[in-house]
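See structure below.
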Amino acid sequence: MFGNYLIGLREGLEASLVVCILIAYLVKTGRRDALRPIWIGIGIAIAIALSFGFGLEYGSQEMTFKAQEALGGSLSIVAVGLVTWMVFWMRRTARHLKKELHGKLDAALQMGTGALVATAFLAVGREGLETALFVWASVRASQDGTHAPLIGVLLGIATAVVLGWLFYRGAVRINLAKFFTWTGGMLVIVAAGVLAYGVHDLQEANLLPGLTRTAFDISSTIPPDSWYGTLLKGVFNFQPDPTVFQSVVWVVYLVPTLALFLAPVGFGRSAGGGVSEQKATDEKAGSGDSGGGRSGGSDGAVAGDQRVRDGARGAGGRTVGEPE
């Protein structure tokens, strides 16, 4: 249930932030007349996401067992790919999301009502479809026979809606960079379990080999029907008797993905290269200032001060009350 709550919270909060940014911008610019098309676009996006989720759930019930397993396994892998892309995309662009949406909204305002509806639909629809697909895959993976996974998702979405409203009202301040980093890391762990279960589905559909080759079996130590076995299953999609293929896929996905996600922003750039570039810039500035006397020194100090201010602005995360 916690894993599904996390999915609903994170995806719902992304959508809530998008809605808050769009509405706040229109209100502040005096374009309340454009709010109706925005809400229409949001409503269409929600309706399509719900229809997609219901279609996955009830459409798959008419299939044969192997067809269900093949579809479930394939869509689980697709869902993991989309969620992985989403968490990395949000980590990279969260600081500039507001500016990006404002630019799209300005262009839509010039084009008319249809463009406003499309802008809101596309902004919210992506999160909605991703949520529906990943929740469906996660619920299939949990297989606890209860409504707990669905309840977890709904509670997460409800929490996200409340937080979005509080952001809009300026009643809550939160460091979004840290929030999306922590929840994104936890979501990667959940996605690893969904991916492993998707592989198991494909093995049961005879599309992948190794169904009978078990990596280990600790069912006697962690019984699946115990409270802690149920907790591990619900949070991490833990399986006490995975196949060798499942275990390999789980490790190969989780370790590098989590390491890259938690690495500092800008990881991969050469620190030496950055120092060399800065030295070259300083030397060029120094050669340009030689002979400039007092005026050149003053200009250099101003430029240096500007660099310090720019560095300070880019150094940390962003704590927000109103979405940035």
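The values are calculated or read from the model by the stated rules, or taken from the named source; none is laboratory data. Please read all numbers here as calculations on a predicted model, not as lab measurements. Heavy atoms of the whole protein, side chains included, go into the accessibility calculation; ligands, DNA and RNA do not. Shrake-Rupley method; radii C 1.70, N 1.55, O 1.52, S 1.80 Å.
The order of I77, I42 by accessible area, most exposed first and with a 1.4 Å probe, is I77, I42. In plain terms, the chain from T113 to W85 could stretch by 7.0 nm, reckoned as 0.36 nm per residue minus the Cα-Cα distance.
The share of accessible area on the range 1-111 that comes from carbon and sulfur is 66 percent, using a 1.4 angstrom probe.
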